[in-house]
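This report concerns only the one structure given below.
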């Protein structure tokens with residue numbers, strides 16, 4: 001079988017690459033190969049446990065691909081021969097391509113803990129059947145232990161705690177939950193939301209064994225505590241799926257990702273890589289970072305799909321700004337760019353501004369919630385380096401304002417003088433808007449410092 005463009009991987013990065021390539025090069029045949037036939041929307045996997053009435057509501061169907069003229073094949077690619085522009089499926093079928101895009105994503109990590117292979121231990125898989133099984137098991141469980149206190153682990157804890165008869169524990173080896181994403185005060189606020197929901201938090205400790213006969217019955221921690229468990233969810237993260245690329249001689253980075261340039265081209269001609277399997281560079285330092293987000297993946301996909309037959313648009317990935325958001329209880333949390341912790345680690349000298357105000361005005365309106373904004377700026381020139389926000393639902397969009405500000409290289413004066421739209425039912429008051437007030441506070445500090 002001959003195809004012009006072949007994409008390996010059916011997640012967000014693969015889908016958007018396929019649709020973009022077909023739109024830009026309508027005369028080309030575009031074929032997407034996905035290993036999982038019943039794939040789900042990755043970001044919403046935790047909410048398949050309780051919030052969604054039926055796990056099928058999170059299915060990632062082929063509708064947009066079919067409507068866009070993209071051919072879909074369900075199968076596993078087991079071989080890649082760049083010299084002959086050929087891939088081989090486990091069925092034995094061979095497909096020849098002009099352009100190939102690797103979008104295999106990442107695979108969940110199983111930490112080397114004794115007992116990790118026992119029944120009752122689940123990793124986070126991206127298939128409807130696997131997550132439906134986990135949901136059924138979780139609904140029967142009365143004592144659940146989650147290993148990993150990053151986004152996926154904390155979101156699972158929040159979701160499973162909504163089952164009133166389930167005791168949920170979360171175990172994180174770092175001193176705080178979400179420590180890789182937020183500064184301490186935001187980590188603590190998020191943890192308080194989980195504690196209020198009844199989640200038992202064990203931070204700064206590791207699981208040393210998962211005990212039981214054939215099925216797990218308890219988790220032993222390195223501080224001597226024993227946590228009874230009917231079910232264990234492993235949410236410690238993943239690693240890029242690069243085996244196919246590595247076997248084909250494509251360059252792999254020291255961090256284990258497929259090396260790509262700013263247009264997502266790999267070290268081998270006519271082969272591209274996007275999404276979680278591809279190299280991510282920090283926006284400021286250009287160093288390799290383990291940041292795997294669907295928003296970043298789809299941006300990369302649009303770049304690859306547009307320029308797959310040559311540079312048509314001078315659009316490059318300048319690096320990830322690590323913009324993301326989440327929600328625990330009734331409070332949303334979001335971050336973009338660098339935190340104070342990462343600035344300190346990288347030697348960036350900063351000035352911080354912080355402000356809090358109700359996200360409605362007046363603050364007594366129904367649904368109003370305190371919105372806290374923390375902004376970081378370079379202490380010379382005032383370039384926006386990062387921001388963190390917590391509060392009501394509007395946090396999810398305010399962080400995008402900060403993210404685009406970072407990408408457009410705005411400085412503290414730009415934000416201090418920013419013109420905004422406000423409405424009593426939709427936003428903070430223009431007189432006390434926390435984004436502008438945080439910038440104003442930082443600008444005052446810069447002025448005092450430079451006097």
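Residue 36 passes all but one of (1) crowded, with 17+ Cβ neighbours inside 10 Å; (2) in a loop (DSSP other than H, G, I, E, B); (3) touching a helix residue (DSSP H, G or I) at 6+ places or on another chain (Cβ under 6 Å); which number fails?
(3)
Modelled with pLDDT of 95 or more and part of a helix (DSSP H, G or I), is that true of residue 131?
Numbers: modelled with pLDDT of 95 or more: yes; part of a helix (DSSP H, G or I): yes.
For residue 131, the condition - modelled with pLDDT of 95 or more and part of a helix (DSSP H, G or I) - is met.
Here is a yes/no grid of residues against (1) touching a residue at least 40 places away in the same chain (Cβ under 8 Å); (2) in the same structural domain as residue 408 (by TED's automatic domain parsing); (3) surrounded by fewer than 21 Cβ atoms within 10 Å (Cβ to Cβ):
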site: 301; (1), (2), (3): yes, no, no
site: 311; (1), (2), (3): yes, no, yes
site: 326; (1), (2), (3): yes, no, no
site: 339; (1), (2), (3): yes, yes, no
site: 346; (1), (2), (3): yes, yes, yes
site: 349; (1), (2), (3): no, yes, yes
site: 353; (1), (2), (3): yes, yes, no
site: 356; (1), (2), (3): yes, yes, yes
site: 364; (1), (2), (3): no, yes, yes
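Name every residue in the range 94-122 that is more than 21 Å from the chain's Cα centre (by Cα), under 27 Å from residue 147 (Cα atoms) and either free of Cβ contacts under 8 Å to residues at least 60 places away in the same chain or surrounded by fewer than 21 Cβ atoms within 10 Å (Cβ to Cβ) (or both), in order of residue number. Walk me through it before giving the result.
Looking only at the range 94-122, we keep the residues that are more than 21 Å from the chain's Cα centre (by Cα), and these are 94-100, 112-121.
Now narrow it down to the ones that are under 27 Å from residue 147 (Cα atoms): 112-121.
Those that are more than 21 Å from the chain's Cα centre (by Cα), under 27 Å from residue 147 (Cα atoms) and either free of Cβ contacts under 8 Å to residues at least 60 places away in the same chain or surrounded by fewer than 21 Cβ atoms within 10 Å (Cβ to Cβ) (or both): 112, 113, 114, 115, 116, 117, 118, 119, 120.
Of the conditions (1) at pLDDT below 95; (2) surrounded by 19 or more Cβ atoms within 10 Å (Cβ to Cβ), residue 61 satisfies every one except a single condition; which number is it?
Against the list (1) at pLDDT below 95; (2) surrounded by 19 or more Cβ atoms within 10 Å (Cβ to Cβ), residue 61 comes up short only on (2).
Scan the range 275-288 and tell me whether some residue there is at pLDDT 95 or above, closer than 27 Å to residue 152 by Cβ, touching a helix residue (DSSP H, G or I) at 6+ places or on another chain (Cβ under 8 Å) and part of a strand (DSSP E or B).
Yes, the conditions are met somewhere in the range 275-288.
In this structure, does residue 128 turn out to be in contact (Cβ under 8 Å) with a residue 40 or more places away in the chain, touching a strand residue (DSSP E or B) at 6+ places or on another chain (Cβ under 8 Å), buried (at least 17 other Cβ atoms within 10 Å of the Cβ) and closer than 17 Å to residue 53 by Cα? Break it down stepwise before answering.
Working: in contact (Cβ under 8 Å) with a residue 40 or more places away in the chain: yes; touching a strand residue (DSSP E or B) at 6+ places or on another chain (Cβ under 8 Å): yes; buried (at least 17 other Cβ atoms within 10 Å of the Cβ): yes; closer than 17 Å to residue 53 by Cα: yes.
Yes: the conditions hold for residue 128.
Would you check if residue 386 is touching a residue at least 24 places away in the same chain (Cβ under 8 Å), closer than 25 Å to residue 347 by Cβ and surrounded by 23 or more Cβ atoms within 10 Å (Cβ to Cβ)? Please lay out each step first, then the result.
Working: touching a residue at least 24 places away in the same chain (Cβ under 8 Å): yes; closer than 25 Å to residue 347 by Cβ: yes; surrounded by 23 or more Cβ atoms within 10 Å (Cβ to Cβ): yes.
Yes.
Return the total of residues in the range 259-273 being in contact with a strand residue (DSSP E or B) (Cβ under 6 Å, 6 or more places away or on another chain) and assigned to a loop (DSSP other than H, G, I, E, B).
The first filter runs over the range 259-273 and keeps only residues in contact with a strand residue (DSSP E or B) (Cβ under 6 Å, 6 or more places away or on another chain), leaving 260, 264-266, 270-273.
Pick out the ones that are also assigned to a loop (DSSP other than H, G, I, E, B) and you get 260, 264, 266, 270.
Qualifying residue count for the region: 4.
Would you check which residues across the range 135-147 are surrounded by fewer than 24 Cβ atoms within 10 Å (Cβ to Cβ) and under 21 Å from residue 115 (Cβ atoms) and list them? Lay out the reasoning, then the answer.
Of the residues in the range 135-147, the ones surrounded by fewer than 24 Cβ atoms within 10 Å (Cβ to Cβ) are 135-143.
Within the range 135-147, 137, 138, 140, 141, 142, 143 meet the criteria.
The values are calculated or read from the model by the stated rules, or taken from the named source; none is laboratory data. Given the structure is predicted, the values throughout are model-derived calculations rather than measurements. Ideal geometry is used to build each Cβ from the backbone, glycine not excepted, and the neighbour counts take in all protein chains shown.
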